[in-house]
Amino acid sequence: MRIVVASGKGGTGKTTIATSLALIASEQESVRLMDCDVEAPNARLFLDPSLDSHKVVGILIPQVDESLCNYCGKCAQVCQFHAIAVIGKKILVFPELCHGCGSCTLVCPERAITEHLNVLGVLERGQAVHDIEFAQGTMKIGEPMAVPIIRELKKWAPVVLPTIEIRDAPPGASCPVVETIRGADFALLVTEPTPFGLHDLKQVVAIARELGIPAGVVINRDGIGDNAVELYCSENNLPILMRIPMERRIAVAIASGELLVEAAPEFRQAFQDMYESITTEVKI
């Protein structure tokens, strides 16, 4: 079973939820947690993994040998991302736009195009606390595309699959979030009871429904703001699976790198109940 923990905006608490959910699930099942927030992965701060396996991730981008090129322009015509252009007797390649599809290489009649690896980032994995299998991706600074890294992270796994896979999604509602959610069995959406929280929650709910994935909501910092999120969930048949109050002691514990269920053991039962609700929903 694959559970994605997502939120519309950063700082809402998805990593807090994902890591404690992983701990609770690991007491019953084998668990893998994947940190798919490749621009700023931080789940490792809570789970303290020993990252002993590494893999470079990249895409193949074209390199043109102009001594062979006849400037026919077929490469530019086939590139739907406009990553290669032919201007007179000059070839321009834009690596930042290239998606590594290889079409330009295939259509070149003079075989003037070869492909070279452009490194986007690195994958790492290892064993974390409580026997949780851990994996993360880290994007190279300055690279514009997170999706290829997330896609490879989802595929890069040991032969023996865990019973539960928890994906800590990137913030926002863009392509990296869509790629993280794609293929999941359940989306656990973390929000806060504010106008900003509601706005971003609606965006991620739309993604989950477009992909046909059932979803539930966690309200973090409960007690601030208003009841608009609660009304939205009621009107849209979104179950509220947990509420975490706005308390200083919780904020201090999380800022110190403590797992929520260890810093505040009274939440253990709430996480257990939420985990059972998700597994019941997925089985249905």
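Every number in this text was worked out from the coordinates using simple rules, so none of it is lab data. Because the structure is predicted, anything quoted here is derived from the model rather than measured. Note that we place each Cβ from the backbone using ideal geometry, even for glycine, and neighbour counts take in every protein chain shown.
Spin-label model, Q127 to I240: label points 7 Å out along the Cα-to-beta-carbon direction sit 4.1 nm apart.
State, as an integer percentage, the relative contact order of segment 66-189 based on alpha-carbon contacts under 8 Å between residues 6 or more apart.
Details: 127 pairs, mean separation 18.6, N = 124.
Averaging sequence separation for qualifying contacts and normalising by length gives 15 percent for segment 66-189.
Cut-off is 10 Å between beta-carbons; in what order do C36, C233 appear when sorted fewest neighbours first? Don't skip to the answer; put the middle values down first.
Working: C36 28, C233 21.
Listed from fewest to most nearby Cβ atoms, that is C233, C36.
Need one word for segment 215-284: rounded, prolate or oblate. Basis is the Cα gyration tensor (sqrt eigenvalues a ≥ b ≥ c); a/c below 1.5 gives rounded, then a/b vs b/c decides. Oblate. Using the Karplus relation 6.51 cos²θ - 1.76 cosθ + 1.60 with θ = phi - 60°, the per-residue 3J(HN,Hα) values for segment 186-194 come to 7, 10, 9, 9, 9, 9, 9, x, 9 Hz, with x marking Gly and Pro. For the chain, C36, C69, C72, C79, C98, C101, C108, C175, C233 have no disulfide-compatible partner, since no other Cys C-beta lies under 4.7 Å from theirs. Seen against the Cα atoms of the chain and their longest principal axis, helix 14-26 is set at about 70 degrees.
To make sure I understand, if each residue's beta carbon is the centre and we count other beta carbons within 10 Å, what order do L198, L161 fall in, fewest to most? Present the calculation step by step, with values, prior to reporting the outcome.
Details: L198 20, L161 11.
Ordered by Cβ neighbours within 10 Å, fewest first: L161, L198.
On the beta carbon distance between L117 and L97, with R0 = 22 Å, the FRET formula returns roughly 0.85.
When only C-alpha pairs under 8 Å and at least 6 residues apart count, what is the relative contact order of the chain, in percent? Intermediate values should be presented prior to the final figure.
Numbers: 579 pairs, mean separation 76.1, N = 284.
After rounding, I find 27 percent.
Close amide H pairs (under 5 Å, H built 1.01 Å from N) link I84 with F94, residues at least 5 positions away or on another chain.
Under 20 Å of direct C-alpha separation, and excluding same-chain neighbours fewer than eight residues apart, K90 reaches these aspartates and glutamates: D65, E66, E110, E115.
List the GluC sites (Glu not before Pro) in segment 131-187 that DSSP assigns to loop (not H, G, I, E or B) and whose Cβ has at most 10 other Cβ atoms within 10 Å. Which are they? Mind dumping the intermediate values first?
Values: sites: E133, E152, E165, E179; in loops: none.
Counting only loop positions with at most 10 other Cβ atoms within 10 Å, none of the GluC sites (Glu not before Pro) in segment 131-187 qualifies.
Out of the trypsin sites (Lys or Arg not before Pro) in segment 1-104, which ones are loop residues according to DSSP with at most 16 other C-beta atoms within 10 Å? It would help to have the intermediate numbers written out before the result.
On the way: sites: R2, K9, K14, R32, R44, K55, K74, K89, K90; in loops: K9, K89.
Qualifying residues, ordered by number: K89.
Between Q80 and A206, the modelled labels are 2.2 nm apart [label points 7 Å from Cα along Cα→Cβ].
How much length is gained if the chain between Q272 and Q63 is pulled fully straight, taking 0.36 nm per residue apart and subtracting their Cα-Cα distance, in nm to one decimal? Display every interim value, and only then the final one.
Numbers: separation 209, 0.36 × 209 = 75.24 nm, distance 5.33 nm.
This chain segment gains 69.9 nm when fully extended.
Helix 195-210 axis versus longest C-alpha principal axis of the chain: approximately 60°, rounded to the nearest ten. Modelled spin labels at W156 and S50, positioned 7 Å past Cα toward Cβ, are 2.0 nm from each other. Considering only S174, S30, S103, the Gaussian network model of the chain with Cα springs below 10 Å gives its largest mean-square fluctuation to S103.
Normalised by the number of residues in segment 66-111, the average gap of Cα pairs under 8 Å and 6 or more apart makes the relative contact order 42 percent.
Would you please give the FRET efficiency between F196 and V252, computed as 1/(1 + (r/R0)^6) with r the Cβ-Cβ distance and R0 = 30 Å, to the nearest 0.05?
Values: r = 23 Å, r/R0 = 0.78.
Step by step, r from the Cβ atoms, then E = 0.80.
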